[in-house]
Amino acid sequence: NMSSTDELSCVYASLILQDDDVAVTAEKIQTLLKAANVEVEPYWPSLFSKALESVDLKALITNVGSGVGAAAPAAGAPAGGAAPAADAAKKDDKKKKEPESEEEEDDDMGFGLFD
């Protein structure tokens with residue numbers, strides 16, 4: 001569990017440095033951790049600085065969960081893609097209606113959720 005605390009401390013230090021537009025280096029991570037009275041294994045700051053030297057942290061943070069993977073299938077859809085989507089929506093509506101009728105049948109039989 002100690003290594004996860006060390007790792008998390010270096011993550012936060014790296015994010016703070018990036019937010020202040022300061023280069024993420026092992027020395028600066030260590031300085032920030034020392035100022036916060038956080039002790040980590042000596043290899044963590046250098047590991048993080050080497051791992052992040054070729055990464056644009058701001059772009060990485062702003063693109064988290066942007067759905068980049070979801071756009072690829074939509075782009076590859078055929079020109080008639082709207083009709084199958086409409087059919088799928090109708091099927092979803094039918095599926096949604098069926099469970100409601102089963103719930104009503106359960107209520108009629110005396111099986112209610114809050115009975």
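Sort out which residues of segment 19-35 are under 24 Å from THR62 (Cα atoms) and either surrounded by fewer than 11 Cβ atoms within 10 Å (Cβ to Cβ) or not polar (S, T, N, Q) (or both), and write them in order of number.
ASP19, ASP20, ASP21, VAL22, ALA23, VAL24, ALA26, LYS28, ILE29, LEU32
Residues are listed down the side, and each one gets a yes or a no for (1) modelled with pLDDT under 85; (2) surrounded by fewer than 10 Cβ atoms within 10 Å (Cβ to Cβ); (3) polar (S, T, N, Q); (4) under 22 Å from the mean Cα position of the chain (by Cα):
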| position | (1), (2), (3), (4) |
| --- | --- |
| ALA13 | no, no, no, yes |
| ILE16 | no, no, no, yes |
| ASN37 | no, yes, yes, no |
| LEU47 | no, no, no, no |
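Can you name the number of the only condition in (1) modelled with pLDDT under 90; (2) part of a helix (DSSP H, G or I) that VAL64 fails?
(2)
Give all pairs with beta carbons closer than 7 Å in which a residue from segment 2-29 that is free of Cβ contacts under 8 Å to residues at least 12 places away in the same chain meets a residue that is part of a helix (DSSP H, G or I) and open to solvent by 50 Å² or more (accessible area, probe 1.4 Å); count only pairs at least 6 apart in sequence or on separate chains.
If the second residue must be part of a helix (DSSP H, G or I) and open to solvent by 50 Å² or more (accessible area, probe 1.4 Å), the pairs left are VAL22/LYS28.
The values are calculated or read from the model by the stated rules, or taken from the named source; none is laboratory data. As the structure is a computational prediction, the values presented were derived from the model and not from experiment. Positions of Cβ are backbone-derived with ideal geometry, glycine not excepted, and every protein chain shown enters the neighbour counts. Quick note on the areas: whole protein, heavy atoms, side chains included, nothing else; ligands and nucleic acids left out. Shrake-Rupley method; radii C 1.70, N 1.55, O 1.52, S 1.80 Å.
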